[in-house]
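> Handing you this structure, nothing more for now.
Any read-out appearing in this document is the output of simple, stated calculations on the displayed coordinates, not a laboratory observation. Every value quoted in this text rests on a predicted model; they were computed, and no experiment measured them. Note: ideal-geometry Cβ built from the backbone for every residue, glycine included; neighbour counts use all protein chains shown.
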Amino acid sequence: MIYYENLHNVNRPFFGDFRKAFEKFLDSGRYVLGDNVALFESEFSKFTGSANCVGVGSGLAALELALKAFNFPTGSEVIVPSNTYIASILAIVANNLKPVLVEPDIQTYNIDPKRIPEKITNKTVAVMVVHLYGKSCEMDPIVDICRKHKLRLIEDCAQSHGAKYKNRMTGTFGDFGAFSFYPTKNLGALGEAGAVTTSSDELAEKVRKLRNYGSTVQYRNEIVGTNQRLDEIQAAFLRIKLRHLERINEHKRELAKIYLEELKEDFTKPLVHPDFFDVYHIFCIRHPQRDRLRQYLQDHGIQTAIHYPTPPHKQPALKGMFDNQSFPISEEIHSSVLSLPISYSHTTSDILRVVEILNKFPS
């Protein structure tokens, strides 16, 4: 069986360093907001090219705190892609804001900049882009739109660690970049973890307070905050894996190249364009008989995944929020995408085997 993802195998090369880091953490007696969090923030900031990084409890927390830092009026509108993972929308709803869905570009699966202006109203306060599957959004026109309309720009970078647009890292275009370090990510922790990046010292300080009960000085609470601190041991693990992130990304790019070059044209493959440096957190193909294709691969010992089977506007949790609205591009994507194995633990032989089986699929 070629598994879609085997986290034990992905992390096995780092086990020795993890054990040393845990022993050091255990002996330190400093288990919350210690040296590892501060050092990881500095190191990840340097990696992305952002002036500030603030470690938080998860990718969802990163999005929630980024929005909360602006203190937008209740009911303000935030533009977000219609085919994103639901976390992007949950962060908006959690801040008592209204998500406004914009269809993606069918080729990139990211928000279509040409469709954003038509959704801007006098209640619009921000655009939240999502760099889906490890590909950056088309940031130049999006930045221009936000400047023209005086909108805040938040980047959901949960899947784009190290991805670039015109040689610039995701997470550095907007007011905030929000990262998830869920274990399956290219930079994955061994539990929940996230971070916010920003060029603004003022906004970074606001998020530091928000993540820690509204406080930066013990027992002095300046604003109403929450508890969404990056765990010290997860920061220690992330520091180890960050040193290898470029190698992880390059390995996945090499596996993606095999798919791109060897798969038949029966399958819609990810767009490749010189403006985008893709890190392939997920390698998605599309096929009109997706479900039959997935079962065929399973029958031949190849495990796949679907990111994602249900579009946000059809999720029960968001029932009634998007009534009488149509999102045909999103629905087409969600009904036809299939994620193929492409993890750090997969070998060239694994991917060649997947290609061999795929290319024999009886259409």
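> For region 245-358, what relative contact order do you get, as a whole percent, if you take Cα pairs closer than 8 Å and at least 6 residues apart? Numbers along the way, then the final one.
Working: 115 pairs, mean separation 42.3, N = 114.
Averaging sequence separation for qualifying contacts and normalising by length gives 37 percent for region 245-358.
> Okay, moving on. Based on the mean of other beta carbon atoms within 10 Å per residue, what is the order of 346-359, 129-142, 68-81, most packed first?
Details: 346-359: 16.4, 129-142: 24.4, 68-81: 18.9.
Top to bottom by mean Cβ count within 10 Å: 129-142, 68-81, 346-359.
> Using DSSP, restrict attention to beta bridges with both residues in region 7-242 and report what percent are antiparallel, rounded to the nearest 5. The partial results should precede the final answer.
Values: 17 of 33 bridges.
Bridges in region 7-242 are about 50 percent antiparallel.
> Still on this model: Can you run the Rg to Rh ratio on region 245-358? Use alpha carbon positions and the Kirkwood inverse-distance Rh. Before the final figure, lay out the partial values.
Values: Rg = 15.8 Å, Rh = 15.5 Å.
With Rh from the inverse mean 1/r over Cα pairs, Rg/Rh is 1.02.
> Which net charge results for the neighbourhood of Met321, defined as the other residues with beta-carbon distances under 13 angstrom from its beta-carbon, given Lys and Arg at +1 and Asp and Glu at -1?
Details: positive: Lys98, Lys314, Lys319; negative: Glu77, Asp323.
Overall, the nearby charge balance is +1.
> Work out the P(r) tail for region 92-179: percent of alpha carbon pairs separated by more than 23 Å, whole number. Could you put the intermediate results ahead of the total?
Working: 602 of 3828 pairs.
Roughly 16 percent, rounded to a whole number.
> Compute the semi-axes of the equivalent ellipsoid of region 208-278, taking the square root of 5 times each eigenvalue of the Cα gyration tensor, and list them largest first in whole Å. If you can, show how the numbers build up before the last one.
Values: eigenvalues 377, 52, 19 Å².
For region 208-278, the ellipsoid semi-axes come out as 43, 16, 10 Å.
> Still on this structure, I have one more. In sequence order, what are the phi-derived ³J(HN,Hα) couplings for region 135-148 according to the Karplus relation 6.51 cos²θ - 1.76 cosθ + 1.60 with θ = phi - 60°, rounded to whole Hz, with x for glycine and proline?
So the Karplus estimates, Gly and Pro as x, are 10, 5, 5, 7, 7, 4, x, 5, 4, 4, 4, 5, 5, 4 Hz.
> What would the Debye equation give as log₁₀ I(q)/I(0) for the chain at q = 0.08, 0.10, 0.11, 0.14 Å⁻¹, counting only Cα atoms as equal point scatterers?
-0.39, -0.62, -0.75, -1.19
> While we're here: If you find the alpha carbon centre of region 248-295 and of region 321-363, how far apart are they in angstrom?
Answer, in whole Å: 8.
> Considering the chain as a Gaussian network with a 10 Å cut-off on Cα pairs, which listed residue, Phe44, Phe322, Phe237, attains the greatest mean-square fluctuation?
Phe322
> So for each of 144-153, 45-54, 175-184, 219-228 I average, over its residues, the number of other beta carbons within 10 Å; can you give me the resulting order with the highest mean first?
On the way: 144-153: 15.1, 45-54: 19.1, 175-184: 24.8, 219-228: 13.2.
Highest to lowest by the protection proxy: 175-184, 45-54, 144-153, 219-228.
> Just to check I understand the Karplus step: with θ = phi - 60° and J = 6.51 cos²θ - 1.76 cosθ + 1.60, what whole-Hz values come out for region 15-22, glycine and proline as x?
4, x, 5, 4, 5, 5, 5, 5
> A follow-up question, please. Sum -39500 (n - 2.57) across every DSSP H segment of at least 4 residues in the chain, then divide by the residue count to get the 222 nm mean residue ellipticity, nearest 500. If you can, show how the numbers build up before the last one.
Numbers: 12 runs with 132 residues, N = 363.
Helix contribution divided over all residues of the chain: -11000 deg cm²/dmol.
> What are the equivalent ellipsoid semi-axes of region 44-111, built from the alpha-carbon gyration tensor (square roots of five times its eigenvalues), in whole angstrom, biggest first?
Working: eigenvalues 95, 70, 21 Å².
Whole-Å semi-axes of the equivalent ellipsoid: 22, 19, 10.
> May I ask you to sort Tyr344, Tyr85, Tyr109, Tyr31 by Cβ crowding, counting other Cβ atoms within 10 Å and putting the fewest first? Provide the component values of the computation, followed by the final result.
Working: Tyr344 22, Tyr85 19, Tyr109 25, Tyr31 12.
The most exposed by this proxy come first: Tyr31, Tyr85, Tyr344, Tyr109.
> Would you mind ranking Phe25, Phe14 by Cβ crowding within 10 Å, fewest neighbours first? Write down the numbers at each step before the final one.
Working: Phe25 19, Phe14 16.
Ascending Cβ contact count within 10 Å gives the list Phe14, Phe25.
> How far, in nm, would the chain grow between Arg247 and Asp140 when pulled straight, counting 0.36 nm per residue and subtracting the alpha carbon separation? Present the calculation step by step, with values, prior to reporting the outcome.
Working: separation 107, 0.36 × 107 = 38.52 nm, distance 2.78 nm.
Contour length minus the Cα-Cα distance gives 35.7 nm.
> Quick one: which of 115-126, 188-199 comes out on top by average Cβ neighbours within 10 Å, and what's the full order, highest first?
On the way: 115-126: 15.2, 188-199: 24.4.
Highest to lowest by the protection proxy: 188-199, 115-126.
> What is the chain's relative contact order, in percent, from Cα pairs under 8 angstrom and six or more apart in sequence?
Working: 723 pairs, mean separation 79.2, N = 363.
Relative contact order here is 22 percent.
> Still on this structure: Kirkwood hydrodynamic radius, region 133-177, all distinct C-alpha pairs: what's the number in Å? Could the numbers behind the result be given before it?
On the way: mean 1/r = 0.0940 Å⁻¹.
Radius from the Kirkwood sum: 10.6 Å.
> Further question: Once amide H atoms are placed 1.01 Å from N in the peptide plane, what residues at a sequence separation of 5 or more from Phe283, or on another chain, have their amide H within under 5 Å of its amide H?
Distant-sequence amide H within range of Phe283: Leu340.
> Now a separate question. Modelled label-to-label distance, Gln295 and Asp27, 7 Å Cα→beta-carbon offset: nm?
The answer from the label model is 5.7 nm.
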